[in-house]
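K.L.:
Here it is, the structure, as structure tokens.
The values are calculated or read from the model by the stated rules, or taken from the named source; none is laboratory data. Since this is a predicted model, take the numbers as computed values, not measurements. Here the Cβ positions follow ideal geometry from the backbone for every residue, glycine too, while neighbour counts run over all protein chains shown. Calculation scope for accessible area: heavy atoms of the full protein, side chains included, ligands and nucleic acids excluded. Shrake-Rupley method; radii C 1.70, N 1.55, O 1.52, S 1.80 Å.
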Amino acid sequence: MTDPSGRADSNPWSAPRVEAQGHVGQVDATVVPRFAGPSTFARLPRADEVSDLDVAVVGVPFDSGVTYRPGARFGPAHVRESSRLLRPYNPAADIEPFAALQVVDAGDIVANPFDIGAAIQHVHDGARQMLERASRLVTIGGDHTIALPLLRAMAERHGPVAVVHFDAHLDTWDTYFGADYTHGTPFRRASEEGLIDRSGSMHVGIRGPLYSTSDLSDDAELGFHIVHSREMDDIGARGVIERIQARVQERPVYVSVDIDVLDPAFAPGTGTPESGGLSSRELLAMVRGFAQLDLVGADVVEVAPAYDHAQITGIAASHVVYELVSAMAKRARGKGA
Ligand code: MN
Ligand code: MN
């Protein structure tokens, strides 16, 4: 459009977009500066602005399952706002993810904040609906409770999926204050429900005190291998990638990233911080390794902006989402899609 001053296409609400290979991309930052206009993820189009789409980035603003600091309900808006500086070309992966695939911001799945059972059903229904349009979902939480309904939707589509779970915490506890569904239990429930492939799943970045050694033996029985945070110095990101690829192989894999897998120095804005975690650089390198795998869906959860300074955590989370989408794009490109 042309505004009264004669500047063409400068209205941020109807801004020109970077288009490549038939896909509608980001708002053109050479026309509308990055700090102007609405904050969809990476300033990508909304789902209703395109006809066909490959990847939907969707928010789940829900944090009624937390056990310590609340606030992750504001995570989706914060990660979107922190994603304005993401540019079209990813040199580390050598891919233009938004040209290789049609990626959109599909808005938020609304979940009941007062009834966790209802909220889990809402997230399940919302994810199932979105999977009717998009072949892949990348979800921004929200607390980790939402991984359970997301895995239910994934398993309906793909059967049991290999889960690679980045977190300081196991999240395979049984109950807390008598509650079966909290952000500390999604992977126990998912394993019990047969949603995960017990021969292909693992945790990465585990650290910090546990209740007892049975936490670890229970976890192993539920089908998880562990790469502990303390192993990073010995095997490095490359070594972890090799262990992930050896465990997952060609199974459909779902990646769940609790941002507290990062050290609090790299992610202060989260609800249950633990010292001794990964660096952002290590995590991004590991996520890039998923370009070799059949990555069918992902989430990035537990960003709580009230504890975030200078968008440190929001920026890290936005880059993790970008690398996840890049890995999907790279794999699709490799297969000629
Ligand atoms: Mn955690
Ligand atoms: Mn978690």
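K.L.:
Out of the range 151-172, which residues are more than 16 Å from ligand 1 (Cβ to nearest atom) and either crowded, with 24+ Cβ neighbours inside 10 Å or part of a helix (DSSP H, G or I) (or both)?
P.N.:
Matches in the range 151-172: L151, R152, A153, M154, A155, E156, R157, H158, V161, A162.
K.L.:
Go through (1) open to solvent by less than 60 Å² (accessible area, probe 1.4 Å); (2) within 16 Å of ligand 2 (Cβ to nearest atom); (3) not in a strand (DSSP E or B); (4) not aliphatic (A, V, I, L, M) and name the single condition G205 misses.
P.N.:
G205 satisfies all of (1) open to solvent by less than 60 Å² (accessible area, probe 1.4 Å); (2) within 16 Å of ligand 2 (Cβ to nearest atom); (3) not in a strand (DSSP E or B); (4) not aliphatic (A, V, I, L, M) except (3).
K.L.:
In addition: Give the range 269-279 a look and list any residue that's within 19 Å of the chain's Cα centre (by Cα) and either among the aromatic types (F, W, Y) or within 16 Å of ligand 1 (Cβ to nearest atom) (or both), or say none.
P.N.:
Across the range 269-279, the qualifying residues are G269, T270, G271, T272, P273, G277, L278.
K.L.:
Considering only residues of the range 269-303 that are open to solvent by 10 Å² or more (accessible area, probe 1.4 Å) and hydroxyl-bearing (S, T, Y), which is nearest to ligand 2 (Cβ to nearest atom)?
P.N.:
T272
K.L.:
Starting from residues that are part of a helix (DSSP H, G or I) and within 16 Å of ligand 1 (Cβ to nearest atom), keep the ones in the range 231-268 and report whichever is surrounded by the most Cβ atoms within 10 Å (Cβ to Cβ).
P.N.:
Ranking the candidates gives I259 first.
K.L.:
Another one. For V255, are the conditions met, namely being within 30 Å of L101 (Cα to Cα) and away from ligand 2 (no atom under 15 Å from the Cβ)?
P.N.:
In short, no.
K.L.:
Name the residues in the range 128-150 that are within 16 Å of ligand 2 (Cβ to nearest atom), polar (S, T, N, Q) and either surrounded by fewer than 24 Cβ atoms within 10 Å (Cβ to Cβ) or not in a helix (DSSP H, G or I) (or both), would you?
P.N.:
Passing the criteria: only T139.
K.L.:
Hand me the list of strands (runs of 3 or more DSSP E) wholly inside the range 1-110 holding 2 or more residues that are surrounded by fewer than 17 Cβ atoms within 10 Å (Cβ to Cβ).
P.N.:
17-20
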